[in-house]
Structures are given as C-alpha cells and as structure tokens.
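The values are calculated or read from the model by the stated rules, or taken from the named source; none is laboratory data. Please read these numbers as outputs of a predicted model, since none were measured by experiment. When we count neighbours, we look across all protein chains shown, and the Cβ atoms used for this are built from the backbone with ideal geometry, even at glycine. Just so you know, the surface numbers come from the protein's heavy atoms only, side chains and all, with ligands and any DNA or RNA stripped out. Shrake-Rupley method; radii C 1.70, N 1.55, O 1.52, S 1.80 Å.
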Amino acid sequence: MVIIEGIPKDTILKELLHLYETIFDDAKIDFFIDRITSKTDVIIVLTYFENSPVGFKIGYRYNETTFYSWVGGVLSDFRRKGIAQELARKQEELVKKKGYKKLRTKSMNRFKPMLILNIKNGFDIVQVYTNTSGQQKIVFEKDL
C-alpha cells in the first residue's frame, strides 16, 4: 500500500487515471485531475498486486474538522477480497492522525457495495438530495 499526500507525481497520476477510467464507466478525466490538484490536504491510498495498481481511495479536506472521502475503487478481478475495506481503514487511520473529527462521503443507490461498506463501517446517512445532473446522492458521515 502506498500513501501519497498532496498532488501525486506523474507516474502515480497515470496509474490513478488508468484505475479510474477502468473502474468507472462515467469517468471524467479533466474533473478528476482538477479535483486532486485543486483541493487541500489531499490523501491518496493506492494498493498494488504484483507491482500493478488494483485499488485506490482519495479524499481531501472538506472543512476544518471534516475530511471528505471523495472517490475510490477496486478493479473487478480483485473485488470481494477485502481491499476496499482495507483502503477505507487506512484512510480513516491517516485522517484521525491529522486531527479530523469527522469523515464524510457520498454515494448513489446504484453503488450497492459502497452503500453497504459505508454502513458496515459506522457511517450514518445524514442527507439525500438530487444534484443538478438529476443524480440522487446519499451523504454519509462518521464521527472519528
């Protein structure tokens, strides 16, 4: 597992982009790059199998007390092996060490495994809303 704080170097960024595009059919590369290069206190957790990246989790400072777990995923061949759980656990550990008091994330109903993972990991649903693109978002928060 590799931890990157701040903007990743080009080689890591290329690995992340490849994972992001492979995992998400609606990947928006420009949005992804803008998000990780413009946010404060970015933390990236990246995991490998035989020197190839297979999963990641990215978050950043939401406000003074809250860290936002923005995006993550695991390649389909490596799912159901506890990798997403381990990425979440590592992110939470790092965030606590930095002094954050809450962890926040969002998901959508179509991502059932992510909804289940959030609930199993102690998150509460704090809001449901429809964004400007018509997508229904579920907001989760957890006290650290």
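Treating each Cα of segment 72-137 as one equal point scatterer and applying the Debye formula with no solvent, the log10 of I(q)/I(0) at q = 0.13, 0.22, 0.27 Å⁻¹ comes out as -0.44, -1.06, -1.26.
The calculated Kirkwood hydrodynamic radius for the chain is 15.5 Å, given to one decimal from all distinct C-alpha pairs. Label-to-label distance for Ala27 and Lys101 is 3.8 nm, based on points extended 7 Å past Cα in the beta-carbon direction. Can you give the % of DSSP beta bridges in the chain that are antiparallel, to the nearest 5? Taking every DSSP beta bridge within the chain, about 90 percent pair in antiparallel fashion.
Sequence-ordered 3J(HN,Hα) estimates for segment 28-34 from the Karplus curve with 6.51, -1.76 and 1.60 and θ = phi - 60° stand at 10, 4, 4, 4, 4, 5, 4 Hz, glycine and proline given as x. Karplus-based coupling profile of segment 54-62, in residue order and whole Hz: 10, x, 8, 8, 10, x, 7, 5, 8, with θ = phi - 60° in 6.51 cos²θ - 1.76 cosθ + 1.60 and x standing for Gly or Pro. Contact order for segment 65-144, expressed relative to its length and based on alpha carbon pairs under 8 Å spaced 6+ residues apart, stands at 33 percent.
A 1.4 Å probe run over the protein chains yields, for the chain, 59 Å² of accessible area per residue, whole-number rounding.
Any of Lys57/Lys112; Lys14/Lys106; Lys106/Lys142; Lys90/Lys142 with alpha carbons more than 20 Å apart? Name them for me. Long pairs (Cα-Cα over 20 Å): Lys14/Lys106. In the chain, Cα pairs under 8 Å separated by at least six residues give a relative contact order of 18 percent. In terms of the Cα gyration tensor, with a ≥ b ≥ c the square roots of its eigenvalues, is segment 1-57 rounded because a/c is under 1.5, prolate because a/b exceeds b/c, or oblate? Oblate, because a/c is 1.5 or more while a/b does not exceed b/c.
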